[in-house]
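For reference, the structure is listed below as structure tokens.
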Amino acid sequence: MKHQIQKMVSLALDRIAAEGVMPADQIPQPVIERTRDSRHGDFACNVAMVLAKLAKRRPRELAESLTAALPDSQVVKKVEIAGPGFINFHLSSNAYHGLVATIIERGHQFGRSDMGAGKRVQVEFVSANPTGPLHVGHGRGAAYGAVVADLLQAVGFEVHREYYVNDAGRQMDILAASVWLRYLELCDEELQFPANGYRGDYVWDIAAALHREHGEAYKCSTREVFDDIVPDEPQGGDKEAHVDALIARSRQLLGGNRYRYLFELALNTILDDIREDLELFGVHYEEWFSELSLSEAGSVNQTIERLRETGYLYESEGAHWFRSTRFGDEKDRVVVRDNGQTTYFASDIAYHLDKLSRGFDRVIDVWGADHHGYIPRVKAALEALGEDPSRLDVLLVQFANLYQGGEKMQMSTRSGSFVTLRQLRKEVGRDAARFFYVMRKCEQHLDFDLDLAKSQSSDNPVYYVQYAHARVCSVMRQASEKGVSVAISEGTDNLDRLIEPHELALLSRLSEYPEVVEAAALQEEPHQLTHYLRQLANDFHTYYNAHQFLAEDQSLRDGRVKLILAVQQVLRNGLNLLGVSAPENM
RNA sequence: GUGCCUGUAGCUCAACUGGAUAGAGUACCGGCCUUCGAAGCCGGGUGUUGGGGGUUCGAGUCCCUCCAGGCGCGCCA
């Protein structure tokens, strides 16, 4: 509908331009928007005000000429000029009859489009280090990334969802060492657990599994392990150096094979847990991309060599630096440490290079907002290597704060005192969690009220929307129990019986749905869809209370049943895009 | 100190990316169930859009400045 009106206005603009009112080569695409206030009609156009200066005419005067030049239309009943120069379009009552038929006919396809024209988009999200279970902070990135991906797919992009597994870095070694030390404790060794080690219960679990299956085959004495190790922080030393020394000692005492077994046991246990967790959260990936595979294939070293060839690499204090300041970064960045190890940044450049080389038209990263300082250096590296950095889009997701009983809950990964995504799901359920996570713009801090998400009351927006869907189902059940026929007629038959203001409002709302999906997808803003669904549910509940759907009058009933079936379909489609179920009863 | 993000009704947030009188939910008060599910609906008031300046027909939205909060500023990932 929007496009139809836009075409009409464009045509009118061409016509008056031909009359020499203004230069024909400077005519913009007119903006059509839905009115906020129904007294202003259904759609409004501001083009007369925008072009007033160019045409050297008063806005209202220009609007007069424009409306006179508008072509006739079946769907537009009345055109008015209002305010400073708005052109308001009032639709005729049958304008949306085709819409209802279309929704019913297209079913779950309604709202989808091919606007993306099959362009390939890669969306990387969550990508949490496999050093512990996912917590509620990751949950937001998971829900947000999943919905953005689904939205893009819905409007015709070919979407590739990917999880980057950081299975190569130092953090993984710290995890392995942590597991081993806990294992030693299970073997009745007494030791001082490092300040920088991972302390969560899951570390004990992995250690216990190792102990169960291999007895004391991995045991060493505490003396062997800690002999000559630099002191830890509580003893006045450096916690980083301490833990690095413990890692080196683990490798040395266990030997390559046993260390690798331990490392992979920890990695796989946690990764399996993460996979299952996300699966149960309704988040699916096309690919789990291993960082380790990058370095094993030599990509990281190749990337560093390519960078060296560009001349933007230099040596200083024994390390190799990338001159990212050349490309607007705050400071230069190390890619190879003085101990010869490549940095996380180095593999990340290699990874992004790999993504771009796979031929995606667009690459989207969903990151926690605490990583925002990282964007300039990644883009700098891509630019230095001759890639177009604008192909990469980084979406930052702010933290989610959990509230319970009005109290903010504090969390920290290292200390192990965090609420896991799994706990949250068990607590509030998948539907509420998914919905709450995407209810806010991603750059907003999210206050996640556990009590509200759990509550089965009208306060809870998830139930509000789901209830609207269940209500339609219930009406249809009632009809069959009462023996009332609700087999609907063909096409647009009987839709002319829909004349109540509530019905017209509902029709207009339904017509918005494809626009909302498109806007939410292109702007990467799932919250637009949650807001829309609440409005649609509200329109429906209002209608429900005002009118009897299963009317005596057969043709009236037919029209109304068609309308509420269309509502049901759109609610279902929208919830489905959010990864939230559309229950038939509650 | 410096860069990014945020600041809108008592609280949690919208505002179609520059449009008309800034809107929802919640909280508070009142009304609506012998008729399709009251997990619902209807009515009632709430604003110096953090402050100040600027840009223009028009600013919550863009620019400058100040104030407040969050995050970042490692040869960690």
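The values are calculated or read from the model by the stated rules, or taken from the named source; none is laboratory data. All of these numbers come straight from a predicted model, not from anything done at the bench. Here the Cβ positions follow ideal geometry from the backbone for every residue, glycine too, while neighbour counts run over all protein chains shown. Surface areas here come from the heavy atoms of the whole protein model, side chains and all, with no ligands, DNA or RNA. Shrake-Rupley method; radii C 1.70, N 1.55, O 1.52, S 1.80 Å.
Observations on the structure shown:
- So residue A:490, is it within 30 Å of residue A:557 (Cα to Cα), more than 7 Å from RNA strand B (Cβ to nearest atom), open to solvent by 80 Å² or more (accessible area, probe 1.4 Å) and not in a helix (DSSP H, G or I): yes
Quick grid of which residues meet (1) out of contact with any Leu (no Cβ under 7 Å at 6 or more places or on another chain); (2) part of a helix (DSSP H, G or I):
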residue	(1), (2)
A:20	yes, no
A:52	no, yes
A:62	no, yes
A:68	yes, yes
A:87	no, no
A:94	yes, no
A:100	no, yes
A:103	no, yes
A:107	yes, yes
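- Residues of the range A:249-297 classified as farther than 28 Å from residue A:181 by Cβ, at pLDDT 95 or above and open to solvent by less than 40 Å² (accessible area, probe 1.4 Å), total: 6
- Matching option when the condition is of a type outside the set (S, T, N, Q), at pLDDT below 90 and under 18 Å from residue A:247 (Cα atoms), among A:207, A:195, A:176: A:195
- Just one residue in the set A:157, A:125 is open to solvent by 20 Å² or more (accessible area, probe 1.4 Å), aromatic (Phe, Trp, Tyr), modelled with pLDDT of 95 or more and within 30 Å of residue A:355 (Cβ to Cβ); that residue is A:157.
- Conditions (1) in contact with an Asp or Glu (Cβ under 7 Å, 6 or more places away or on another chain); (2) open to solvent by 20 Å² or more (accessible area, probe 1.4 Å): number failed by residue A:339: (1)
- Check on residue A:355, among the basic types (Lys, Arg) and within 10 Å of RNA strand B (Cβ to nearest atom): no
- Hits in the range A:510-530 - residues which are near RNA strand B (Cβ under 7 Å from one of its atoms) and aliphatic (A, V, I, L, M): A:519
- The residues of the range A:86-100 that are out of contact with any Lys or Arg (no Cβ under 9 Å at 6 or more places or on another chain) and within 18 Å of residue A:39 (Cβ to Cβ), listed by number, are A:86, A:87.
- Every residue from the range A:448-487 that is at pLDDT below 90, touching a Leu at 6+ places or on another chain (Cβ under 7 Å) and farther than 17 Å from residue A:582 by Cα: A:448, A:450, A:459, A:484
- Restricting A:520, A:505, A:537 to those that are closer than 23 Å to residue A:395 by Cα and either in a helix (DSSP H, G or I) or in contact with a Ser or Thr (Cβ under 6 Å, 6 or more places away or on another chain) (or both) reduces the list to A:520.
- Unmet requirement for residue A:138, which otherwise passes all of (1) assigned to a helix (DSSP H, G or I); (2) open to solvent by 20 Å² or more (accessible area, probe 1.4 Å); (3) modelled with pLDDT under 95; (4) in contact with a strand residue (DSSP E or B) (Cβ under 7 Å, 6 or more places away or on another chain): (4)
- When A:498, A:533 are checked against the criterion of being more than 6 Å from RNA strand B (Cβ to nearest atom) and under 22 Å from residue A:586 (Cα atoms), A:533 stands alone in meeting it.
- Yes/no for residue A:91 being at pLDDT 90 or above and farther than 30 Å from residue A:361 by Cβ: yes
- Residue in the range A:306-326 that is assigned to a loop (DSSP other than H, G, I, E, B) and charged (D, E, K, R) present: yes
- Checked against the criterion of being within 15 Å of RNA strand B (Cβ to nearest atom) and surrounded by 18 or more Cβ atoms within 10 Å (Cβ to Cβ), the candidates A:31, A:21, A:47 yield just one match: A:47.
- Unmet criterion (only one of (1) of a type outside the set (Val, Ile, Thr); (2) over 36 Å from the mean Cα position of the chain (by Cα); (3) surrounded by 12 or more Cβ atoms within 10 Å (Cβ to Cβ)) for residue A:234: (3)
- A residue that is within 11 Å of RNA strand B (Cβ to nearest atom), in a helix (DSSP H, G or I), open to solvent by 40 Å² or more (accessible area, probe 1.4 Å) and β-branched (Val, Ile, Thr) can be found somewhere in the range A:541-551.
- Test: residue in the range A:460-472 that is touching a Pro at 6+ places or on another chain (Cβ under 6 Å), within 8 Å of RNA strand B (Cβ to nearest atom) and farther than 19 Å from residue A:433 by Cβ: yes
- The single condition from (1) surrounded by 20 or more Cβ atoms within 10 Å (Cβ to Cβ); (2) over 25 Å from residue A:535 (Cα atoms); (3) not basic (Lys, Arg) that residue A:484 fails is (1).
- Within the range A:296-328, the set of residues being charged (D, E, K, R) and near RNA strand B (Cβ under 10 Å from one of its atoms) comprises A:315, A:317.
- Residue that is nearest to RNA strand B (Cβ to nearest atom), among those in the range A:329-340 that are out of contact with any strand residue (DSSP E or B) (no Cβ under 8 Å at 6 or more places or on another chain) and in contact (Cβ under 8 Å) with a residue 40 or more places away in the chain: A:330
- Just one of the listed residues (A:102, A:35) is under 25 Å from residue A:567 (Cα atoms), of a type in the set (Val, Ile, Thr) and without any contact (Cβ under 8 Å) to a residue 40 or more places away in the chain, and it is A:102.
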